[in-house]
Amino acid sequence: MRIAVLDIGGTAIKYGIAESPDNVTPLGEMETRAKQDGGEGIVKKAEAILDTLSPFDAVGISTAGIADIKTGAITYANENIPHYTGIPLGEHLRNRYGVPVAVRNDVHAAAIGEAAFGAGKDFRSFLCLTYGTGIGGAAFLNGQLLSGQTDSAGHFGHITTHRGGKPCGCGNYGCYEAYASVTALCALVKERTGENLNGREIFARLGEPVIKQSLSDWIDEVVVGLASLIHAFNPEGVILGGGVFNESVLMDEIKARLSTLLMPTFQQTVICKAALGNRAGLLGALAIAKDALLKEK
Ligand SMILES: [Zn+2]
């Protein structure tokens, strides 16, 4: 068995090869140049990479944007990757290489990776949330990823937590990610101190009362969204992704505050960190490609 895997992001296309069913060897990455080269450029780069990895039995792809899981077509990508929407990525690569090709949205692929190989291994039902520029999410229920009608389920960052609140990139107001993403934390600190600090710098300066208070206010925003989601899904676990959760003080504080908001039958929800880091996409791509290969047989 030899499976080629790609993780297509707005800044880089990572790639690797799996020669056993449970491990990927990352081989490198190529700059996406998404703004300059657009969707067509991504197809050309994917081909160039796959040509060097050939021969293989299947291809797994985790990608930015929304992918139709049946056809592997990109049904939606935002302005960060111009002209990616509508590209029949899966069909194109299937025709070119004559092997099964599985394509998934990157957030879903990462959750599938965590389910198969990472922090989700011991859960039948869990939620994944990744906090960064925005907030990505996925729900894994009874051993299956919840895809949704248009393979877009889990956009937890766009649940409204503040009616009529701050504007969000999606065009609405008061979305969870406008308050609880790491970008929102940095914006809050900037609003109060005038300084442009990144997440790490904020944690390094918690001795300053204004920064400590800003972090605390942000944690409240994070926890409010998590409590709502836990009440909606009643998962066994919630897996939190994003570099910010390497700060152990943050995990402890989130758990403590969550327990004050959760109803009694939700208290046993396990809150943990994502285990696979930036390998989640490639490992998720491996899992979906293995699936596609099985279905072929
Ligand atoms: Zn939004």
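Quick look at the values:
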| read-out | value |
| --- | --- |
| Some residue of segment 104-123 being within 16 Å of the ligand (Cβ to nearest atom) and among the charged types (D, E, K, R) | no |
| Residue in segment 166-181 that is in a loop (DSSP other than H, G, I, E, B) and either out of contact with any helix residue (DSSP H, G or I) (no Cβ under 9 Å at 6 or more places or on another chain) or away from the ligand (no atom under 16 Å from the Cβ) (or both) present | yes |
| Within segment 144-165, considering residues that are within 9 Å of the ligand (Cβ to nearest atom), open to solvent by 20 Å² or more (accessible area, probe 1.4 Å) and not hydrophobic (A, V, I, L, M, F, W, C), the one farthest from the chain's Cα centre (by Cα) | 160 |
| Condition check for residue 43: of a type in the set (A, V, I, L, M), in contact with a Leu (Cβ under 7 Å, 6 or more places away or on another chain), farther than 19 Å from residue 293 by Cβ and surrounded by 15 or more Cβ atoms within 10 Å (Cβ to Cβ) | yes |
| Subset of segment 73-85 [open to solvent by less than 40 Å² (accessible area, probe 1.4 Å) and closer than 15 Å to residue 152 by Cα] | 73, 74, 77 |
| Selected residue (criterion: most open to solvent (accessible area, probe 1.4 Å)) from residues of segment 228-249 that are assigned to a loop (DSSP other than H, G, I, E, B) and modelled with pLDDT under 95 | 247 |
| Matching residues, segment 20-64, being among the acidic types (Asp, Glu) and in contact with a Lys or Arg (Cβ under 6 Å, 6 or more places away or on another chain) | 29, 57 |
| Matching residues in segment 121-135 - criterion: being of a type in the set (Gly, Ala, Ser) and at pLDDT 95 or above | 125 |
| Residues satisfying the stated conditions in segment 26-69, i.e. under 20 Å from the mean Cα position of the chain (by Cα) and among the hydroxyl-bearing types (Ser, Thr, Tyr) | 32, 62, 63 |
| Any hit, segment 86-108, residues being within 26 Å of residue 157 (Cα to Cα), outside the structural domain of residue 244 (by TED's automatic domain parsing) and part of a loop (DSSP other than H, G, I, E, B) | yes |
| Segment 126-143, residues that are more than 15 Å from the ligand (Cβ to nearest atom) and outside any strand (DSSP E or B) | 142, 143 |
| Of all residues in segment 1-12 being more than 14 Å from residue 80 (Cα to Cα), in contact with an Asp or Glu (Cβ under 8 Å, 6 or more places away or on another chain) and among the hydrophobic types (A, V, I, L, M, F, W, C), the one that is modelled with the lowest pLDDT | 1 |
| Check on residue 68, open to solvent by 10 Å² or more (accessible area, probe 1.4 Å) and in contact (Cβ under 8 Å) with a residue 60 or more places away in the chain | yes |
| Lone qualifier among 244, 189, 224 - being within 16 Å of the ligand (Cβ to nearest atom) and aliphatic (A, V, I, L, M) | 224 |
| Positions within segment 52-109 being of a type in the set (S, T, N, Q) and out of contact with any helix residue (DSSP H, G or I) (no Cβ under 8 Å at 6 or more places or on another chain), in sequence order | 52, 75, 78, 95, 105 |
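Residue-wise test of (1) open to solvent by less than 20 Å² (accessible area, probe 1.4 Å); (2) closer than 16 Å to residue 281 by Cα; (3) of a type outside the set (A, V, I, L, M, F, W, C).
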position	(1), (2), (3)
101	yes, yes, no
121	no, yes, yes
130	no, yes, yes
133	no, no, yes
167	no, no, yes
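The values are calculated or read from the model by the stated rules, or taken from the named source; none is laboratory data. Just so you know, these numbers come straight off a predicted model, no measurement behind them. Note: ideal-geometry Cβ built from the backbone for every residue, glycine included; neighbour counts use all protein chains shown. Surface accessibility is based on the protein's heavy atoms, side chains included, excluding ligands, DNA and RNA. Shrake-Rupley method; radii C 1.70, N 1.55, O 1.52, S 1.80 Å.
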